[in-house]
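Q: If you scroll down you'll find the structure; I have some questions about it.
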Amino acid sequence: MKRTLSILVENSAGVLSQVTRLFSRKNWNIDSLAVGETQDPSVSRITVMVEGSDQRIRQVQAQLGKLLPVISVCELDESLSIHREFMLVKVRAEDKDSRDEIISIVNVFRASIVDICRTSLMIAITGDEAKNGAMLALLKDFGILEMARTGMIALERGSATIYDATKDRSEFDYAKSVVSAEDKDA
Amino acid sequence: MKKSGAAIAVACLIEQGVDTVFGYPGVSVLKIYDELYKNRRSIRHILTSHEQGAAHAADGYARATRRTGVCIATSGPGATNLVTGIAAAFMDSSPVVFITCNVPESQLGRDAFQEVDITGIAMPITKCCYLVRSAGEIADTMREAFALASSGRPGPVLIDIMGNAVVETAEYEPSAGHAVTARRAARLLAPVRTDEEGVAAVAKALAEAERPLIMAGGGVIRSGASEALLALAEKTDTPVCTTMMGLGAISSAHELCLGMAGVYGDARARRAVDECDLLLAVGVRFSDRVTGPVETFAPKAKLVHIDIDRSEIDKNVLTDLHIVGDAGSVLSSLAGKVKKLSHAAWRDSLAQTKERVPGAPAEYVRAVRRAVGSDAVVVTDVGQHQLWTCRYFGFERPGELITSGGFGAMGFGLGAAIGARTGDPSRTVVHITGDGSFRMNLTELSTEVKYGLPVVTVVFNNGSLGMVRQNQRQFMHSHFWQTKLDRGPDLMLLASAYGLEGRRVTDAEELYEAVKELAGKGGIIDCRVGEDEEITAG
Ligand SMILES: Cc1ncc(C[n+]2csc(CCOP(=O)(O)OP(=O)(O)O)c2C)c(N)n1
């Protein structure tokens, strides 16, 4: 099953590579990845989709927790959160029939045509995996010339936020070491 | 007051109570070396022959003293020479702060002379890597690095300082020792809760078990939890086995101690793991050398795992119960929660297990033990000699053994022995090595002699890469290939070349005499071992 993890990280150099390299050295495959700044410019949010059992996901969360710049990690349950991805798709459309058909597909999916020329159309669509996947399956018949996608982003429904899930820092036990160092000086 | 980045770095070392560093200079770190020169009365610098030796020495120092080791190297090749040492410290959770300098920011990314992306290289083998771009960041970074290296599950941290940052000046405020940015303070300084419910559940499982077994790992030693371990084991009459990293967590002379578990472990410990109905694993990470195939590991047992690192829980084996926390405090609260128990029948049945009759190498290891007692620090390299030492030395106290358990880095021994002796000059340091491992880093003999750090090096000289040869016999139809070490140097000539005494011995009695004689002054003992001797599970 595909699972979604949302990760808050300090927005500093090298953080993204720390996160992605953790995935590759643990042999976990990333299905989708999206990164961007949050309302606080010093913090970024990474959304990762991975395949895995409960055990695997707990392990991923715990390992991410060990990276110092990671502020919090939480799993977003498919049914309790909103998932969206934005895609640009360039499809072959060399005759009127195909153009008409594509336009009607686009309308059904509430996508939009953002560029047009004699032989092709560019479509922009925002949706979750099911919606985007369904449209891609239909467009395939016309011939997809190229496409780009942002990667899935997601937020939990309701007023709960990722800030409630600030990770347990016990593995660093940092407070203890600060206290003992102060004791030493006293 | 304003100081150069280099001066701030060295001031921070002094702030942290560092009085010894291991390292090797180069042009990129020159400015830091100049500050070390100015502060030579506060900080002793041990110049090794190779950065790898310095890295292992800082690691050995950390393991022997339970303080944080410090190792300094220059950019490029200096930094890459540290890599094996960083990885060895990482795999065995040893707190070491590595400091390297890089090219100036203006040159970064241009493949400048001796430029290397060391933070990129070291990322997977450190708790954290810092690339410091300006002098103003140095103090906070150093303070945080020291706190990180030694806290929670300890481990190495690397600080790579750009060339411009050591030269520039910045404001420096002396501090009691730690700095956390405001953002990090909230999450790093949050108090760690003890899981009282978890403790109660584990206490209940212990009370219900008929054949309980404790497995103590390196975490028990790191945490200084030996007394708490003993209290719990004695109160619940529970036998204890250890992993390689846990040797010495309980005295091998104690009647509850079953020895080392795992693929090359003692028979009693292995049988106990197979038969126990509750395995309480403390400060272990269930490495493949301990579990063998996980499907058949402790097949009858309820598995309980206590570890300070949450990511170790359910990583390699699925557990039934776990507690995330410091070994010492969890074991003490457990001991407080359990009633006195007795498991005489279980203990008696384990006591009946027959250990395989050991061969000549065991006699050698025991001869060393007789010669130095239980007060010495024993450092090993990697191979058969390491496993013979683990099995037959009879460790009695935490810190008695220093070995590259997780990474298995040949060449670890001599550097680590030098580090251990530097940190704890009151103890005899014995370095048990193989002819293969010794040759990897024997260049550190000059460091040993130069700084008057006597190490008794006992070379189990079997003229081969014994451990690999043994595998070739077992799994490669005895195609002995590239494992014969039929070449120099003559170890006696080598000893005298470095100004050390050498002894050649052919039996345990001679070895005993030689170790006794060289214990105070150091030297090399060439101990002849048959090439067909093997290490087998008990
Ligand atoms: C740096 C490194 N290279 C290779 C190995 C693989 N290896 C493991 S044990 C061993 C043989 C060690 O030979 P020696 O030091 O003579 O010890 P012995 O097994 O003979 O006691 C080798 C090559 C290793 N562990 N580390």
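Coordinate-derived values only; no laboratory data. These numbers come from a predicted model, not from an experiment. All Cβ positions, even for glycine, are placed from backbone atoms using ideal geometry, and neighbour counts span all protein chains on display.
Q: Based on DSSP, what percent of beta bridges with both residues in the protein assembly as shown are antiparallel, to the nearest 5?
A: The antiparallel fraction comes to roughly 45 percent.
Q: Before anything else, pin down the relative contact order of chain A: Cα pairs under 8 Å, at least 6 apart, normalised by residue count, whole percent. Before the final figure, lay out each step's value.
A: Working: 303 pairs, mean separation 47.7, N = 186.
Computed value for chain A: 26 percent relative contact order.
Q: With a ≥ b ≥ c the root eigenvalues of the C-alpha gyration tensor of chain B, is it rounded (a/c under 1.5), prolate (a/b larger than b/c) or oblate?
A: Because a/c hits 1.5 or more and a/b fails to exceed b/c, chain B counts as oblate.
Q: Now for a different question. Over the stretch A:1-61, calculate the relative contact order: mean separation of alpha carbon pairs under 8 Å at least 6 apart, over the residue count, as a percent.
A: 47 percent
Q: While we're looking at this one, here's another question. Which of B:478, B:349 comes first, and how do the rest follow, when ranked by fewest Cβ neighbours within 10 Å?
A: Ascending number of Cβ neighbours within 10 Å: B:478, B:349.
Q: Can you give me the relative contact order of the stretch B:360-528 as a percent, contacts being Cα pairs under 8 Å and 6 or more apart?
A: Numbers: 326 pairs, mean separation 41.2, N = 169.
Averaging sequence separation for qualifying contacts and normalising by length gives 24 percent for the stretch B:360-528.
Q: Around residue A:51, which amide H atoms from residues at least 5 apart in sequence, or from another chain, sit under 5 Å from its own amide H, with H modelled in the peptide plane?
A: Correct list: A:3, A:29, A:31.
Q: So between residue B:167 and residue B:357, what do we pick up on full extension, going 0.36 nm a residue minus the alpha carbon distance?
A: That pair, residue B:167 and residue B:357, stretches by 62.1 nm at full extension.
Q: What base-10 log of the normalised intensity I(q)/I(0) is obtained for the stretch B:16-78 from the Debye formula, alpha carbons as equal point scatterers, at q = 0.18, 0.21 Å⁻¹?
A: Log-scaled intensity ratios, in q order: -0.61, -0.82.
Q: Can you work out ³J(HN,Hα) from phi for every residue in the stretch B:5-18, in order, using Karplus 6.51 cos²θ - 1.76 cosθ + 1.60 and θ = phi - 60°, giving whole Hz and x for Gly and Pro?
A: Along the stretch B:5-18, the couplings run x, 4, 5, 5, 4, 6, 4, 5, 4, 5, 3, 7, x, 6 Hz.
Q: Compute the semi-axes of the equivalent ellipsoid of the stretch B:483-527, taking the square root of 5 times each eigenvalue of the Cα gyration tensor, and list them largest first in whole Å.
A: Computed over the stretch B:483-527, the values are 19, 15, 6 Å.
Q: Could you list which residues have their amide H under 5 Å from that of residue B:379, counting only those 5 or more apart in sequence or on another chain, with H placed in the peptide plane?
A: Excluding prolines and chain starts, which carry no amide H, the hits are B:402, B:430, B:431, B:432.
Q: So for each of B:402-412, B:120-130 I average, over its residues, the number of other beta carbons within 10 Å; can you give me the resulting order with the highest mean first?
A: Answer by packing, highest mean first, reads B:402-412, B:120-130.
Q: Also: Got a sec? How would A:164, B:274, B:381, B:307 order by Cβ neighbour count within 10 Å, fewest to most?
A: Going from least to most buried by this count: A:164, B:274, B:307, B:381.
Q: Per the helix-only calculation at 222 nm, which mean residue ellipticity applies to chain B, given -39500 (n - 2.57) for every DSSP H run of n ≥ 4 and division by its residues, nearest 500 deg cm²/dmol?
A: When only DSSP H runs of four or more count, the value is -11500 deg cm²/dmol.
Q: Which value, in nm² and rounded to one decimal, describes the direction-averaged projected area of the C-alpha convex hull of the stretch A:31-149?
A: Average of the hull's projected areas for the stretch A:31-149 equals 9.5 nm².
Q: In whole Å, what three semi-axes, largest first, describe the equivalent ellipsoid of the stretch A:1-68 built from its Cα gyration tensor (square root of 5 times each eigenvalue)? Could you put the intermediate results ahead of the total?
A: Values: eigenvalues 84, 31, 22 Å².
For the stretch A:1-68, the semi-axes come out at 20, 12, 10 Å.
Q: Hey, another quick one. Extent of the stretch B:421-538 along each principal axis, from alpha carbon coordinates, in Å, largest to smallest?
A: 47, 29, 26
Q: How large is the helix-only mean residue ellipticity at 222 nm for chain A, computed as the sum of -39500 (n - 2.57) over DSSP H runs with n ≥ 4, divided by its residue count, in deg cm²/dmol to the nearest 500?
A: It comes out at -10000 deg cm²/dmol, rounded to the nearest 500.
Q: Show the residues, 5+ positions off or on another chain, whose built amide H is closer than 5 Å to the amide H of residue B:251.
A: Amide H neighbours of residue B:251, under 5 Å, 5+ apart: none.
Q: Hey, another quick one. If eta is 1.567 mPa s and T is 4 °C, what Stokes-Einstein diffusion coefficient results for the stretch A:84-149, Kirkwood Rh from Cα pairs, in µm²/s?
A: Answer, rounded: 113 µm²/s.
Q: Sticking with this one: Distance between Cα centroids, the stretch B:35-53 to the stretch B:339-411: provide it in whole Å.
A: The stretch B:35-53 and the stretch B:339-411 have Cα centres separated by 35 Å.
Q: Antiparallel as a % of all DSSP beta bridges within chain B, to the nearest 5?
A: Working: 4 of 66 bridges.
Here the antiparallel bridges make up roughly 5 percent for chain B.
Q: Hey, another quick one. For the stretch B:94-99, what does the Karplus curve 6.51 cos²θ - 1.76 cosθ + 1.60, with θ = phi - 60°, yield as ³J(HN,Hα) per residue in whole Hz, taken in order and with x for Gly and Pro?
A: 9, x, 9, 9, 9, 10
Q: Now a separate question. I need the trypsin sites (Lys or Arg not before Pro) found in the stretch B:224-332, filtered to DSSP loop residues with at most 13 other beta carbons within 10 Å of theirs.
A: Hits after loop and neighbour filter: B:300.
Q: Through the Karplus equation 6.51 cos²θ - 1.76 cosθ + 1.60, θ set to phi - 60°, convert the phi angles of the stretch A:11-27 into ³J(HN,Hα) values in whole Hz; use x for Gly and Pro.
A: 8, 9, 4, x, 5, 4, 5, 4, 5, 5, 5, 4, 4, 6, 6, 8, 6
Q: Taking each residue of B:305-312 in turn, how many C-beta atoms of other protein chains fall within 10 Å of its C-beta, and what is the average?
A: On the way: counts 0, 0, 1, 4, 8, 12, 11, 3.
Mean shielding by partner chains, rounded to a whole number: 5.
Q: Once you sort the root eigenvalues of the Cα gyration tensor of the stretch B:368-450 as a ≥ b ≥ c, which label holds: rounded (a/c under 1.5), prolate (a/b larger than b/c) or oblate (the other case)?
A: The shape class here is oblate.
Q: Okay, next question. Under a plain spin-label model, where a point goes 7 Å from the Cα along Cα-to-Cβ, how far apart in nm are residue A:138 and residue B:106?
A: In this crude label model, residue A:138 to residue B:106 measures out at 6.0 nm.
Q: Just to be sure I follow: if Rg is taken over the C-alpha atoms of the stretch B:2-188 and Rh is the Kirkwood radius over the same atoms, what is Rg/Rh?
A: 0.93
Q: Let me ask something else about it. Indicate, rounded to the nearest 5 percent, the antiparallel portion of the DSSP beta bridges found entirely in the stretch B:2-188.
A: 10 percent
Q: Could you give the angle, 0 to 90 degrees to the nearest 10, between helix A:96-108's Cα long axis and the longest principal axis of the Cα atoms of chain A?
A: Taking Cα atoms only, the helix is inclined about 40 degrees.
Q: Further question: Shape of the protein assembly as shown from its Cα gyration tensor (a ≥ b ≥ c, root eigenvalues): rounded if a/c is under 1.5, otherwise prolate when a/b > b/c, or oblate?
A: Prolate is the answer for the protein assembly as shown, as a/c is 1.5 or above and a/b outweighs b/c.
Q: Cα centroids of the stretch A:1-61 and the stretch A:124-147: how far apart, whole angstrom?
A: 25 Å
Q: Hey, could you grab the Kirkwood Rh for the stretch B:43-89? Inverse mean 1/r over distinct alpha carbon pairs, Å, one decimal. Don't jump to the answer; show the numbers that get you there.
A: Working: mean 1/r = 0.0936 Å⁻¹.
For the stretch B:43-89, inverting the mean 1/r across all distinct Cα pairs yields 10.7 Å.
Q: Follow-up question, since we're still on this one. Once the dipole of chain B is set up with Lys and Arg at +1 and Asp and Glu at -1 on Cβ about the Cα centre, which of B:169, B:291, B:494 lies farthest towards its positive end?
A: It is B:169, whose Cα lies furthest towards the positive end.
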